[in-house]
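One structure below.
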Amino acid sequence: MAALSMTWSCSPLTSSKIRRVNRYSGMAFASVKSTEGLGNLPKVVLTSPHGSEAELYLFGACVTSWKVDSKDLLFVRPDAVFNGQKPISGGIPHCFPQFGPGPIQQHGFGRNMNWSLVSSENVEEKPTVTLELKDGPYSRAMWDYSFHALYKITLDKKTLSTEFTVKNTDNKPFSFTTALHTYFHASVTGAAVSGLKGCKTLNKVPDPTNPVEGKEERDVVTFPGFVDCVYLDAPNELQLDNGLGDKISIKNSNWSDAVVWNPHLTMEQSYKDFVCVENAKIGQVQLEPEQSWTAVQHLTVA
Ligand code: TA6
């Protein structure tokens, strides 16, 4: 059957309105739909012609769902709030421009601000959206720099890709740390991460403010209790067995470090159902005016 391409759009972010770039082939089509999510927050739904689906909130540019074969591979904590005031706890929150505690709020303000939808397209049947964040009075009060961040999210059959770019639009240099704090749906007793053997570690379990240096000796990292560990110079690909029958490859370029976290009994309600495996940049990224930095993550389920 001849493929028929259709394009139509209406104003983005209006409830129930749809912005789509569709390619019709048989019954399947790719789409990007702007809608209203929990707490009436603007939400975008990406649907691939292969049946996979992703959802993201403009608040925090947080991807809250990634479904392949109707199974959600991400996890949103039951205590997550969708009120546009507190970061959404789950999915793929941003930590920017600071990972962890430090001079500004824990994990920075990127997960705590409204991002804007700047474009949506369908590239080779892969629905793609790009969000942006710029400095404003809220960010300036904590971090007095002009910046421009872009976050491109692409959905393929079994892959969710993100590309994060930060540009220094100020007239003075700045530096930042950052991470994608990904919560994977998992069975904590069966979950295992491989690929980290040999990495230098900063173990935060005894004291988060004074991590203990070490080296990962295990082929497979598991979650028998509280786990909170930074892996420096991690490889470009890790494998997560989520203990629920899925093997997920976590590939990256330029996310030099990784973090593995499970809160165990400190989050009694939900710790059994997720693990965080995070691509991170723990060492400071230094940007001169006009310079930019980009890092890419590909999550692929086998
Ligand atoms: O990435 C692990 C971590 O930095 C932990 O130390 C823990 O604090 C966690 O993130 C959760 O942070 P949040 O502010 O989202 O509760």
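Table for the structure above
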{"read-out": "Cβ pairs under 9 Å, 6+ apart, first in the range 267-291 and under 22 Å from His148 (Cβ atoms) and among the β-branched types (Val, Ile, Thr), second outside any strand (DSSP E or B) and away from the ligand (no atom under 11 Å from the Cβ)", "value": "Val285/Pro97"}
{"read-out": "Residue in the range 83-90 that is within 12 Å of the ligand (Cβ to nearest atom), crowded, with 24+ Cβ neighbours inside 10 Å, within 19 Å of Val44 (Cβ to Cβ) and not acidic (Asp, Glu) present", "value": "yes"}
{"read-out": "Qualifying positions in the range 72-128 - out of contact with any strand residue (DSSP E or B) (no Cβ under 7 Å at 6 or more places or on another chain), among the charged types (D, E, K, R) and modelled with pLDDT of 95 or more", "value": "Asp79, Lys86"}
{"read-out": "Residues within the range 219-231 that are away from the ligand (no atom under 14 Å from the Cβ) and touching a Lys or Arg at 6+ places or on another chain (Cβ under 6 Å), tallied", "value": "1"}
{"read-out": "Strands (runs of 3 or more DSSP E) enclosed by the range 252-302 - at least 2 residues per element that are away from the ligand (no atom under 12 Å from the Cβ), at negative phi and surrounded by fewer than 18 Cβ atoms within 10 Å (Cβ to Cβ)", "value": "274-287, 292-301"}
{"read-out": "Search result, residues across the range 124-133 that are charged (D, E, K, R), in a strand (DSSP E or B) and in contact (Cβ under 8 Å) with a residue 24 or more places away in the chain", "value": "Lys126"}
{"read-out": "Flag if Glu237 is buried (at least 18 other Cβ atoms within 10 Å of the Cβ) and either at pLDDT 95 or above or more than 12 Å from the ligand (Cβ to nearest atom) (or both)", "value": "no"}
{"read-out": "Any hit, the range 242-250, residues being without any contact (Cβ under 8 Å) to a residue 12 or more places away in the chain and either within 15 Å of the ligand (Cβ to nearest atom) or more than 27 Å from Asp156 (Cα to Cα) (or both)", "value": "no"}
{"read-out": "Some residue of the range 207-217 being under 27 Å from Ala302 (Cβ atoms) and not polar (S, T, N, Q)", "value": "yes"}
{"read-out": "Filter result for Thr165 (surrounded by fewer than 18 Cβ atoms within 10 Å (Cβ to Cβ), within 14 Å of the chain's Cα centre (by Cα), on the phi < 0 side of the Ramachandran plot and not acidic (Asp, Glu))", "value": "yes"}
{"read-out": "Matching residues, the range 91-101, being more than 10 Å from the ligand (Cβ to nearest atom) and at positive phi", "value": "Gly91"}
{"read-out": "Subset tally (residues that are farther than 24 Å from Thr159 by Cα, within 16 Å of the ligand (Cβ to nearest atom) and among the basic types (Lys, Arg)) for the range 104-136", "value": "0"}
{"read-out": "Cross-chain or 6+ apart pairs with Cβ under 6 Å, the range 91-108 first and farther than 13 Å from Gln284 by Cα and among the aliphatic types (A, V, I, L, M), then away from the ligand (no atom under 12 Å from the Cβ) and in a strand (DSSP E or B)", "value": "Ile92/Val63"}
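The values are calculated or read from the model by the stated rules, or taken from the named source; none is laboratory data. Everything numeric here is computed off the predicted structure, so don't read it as measured data. Here Cβ is always computed from backbone atoms with ideal geometry, including for glycine, and neighbour counts include all displayed protein chains.
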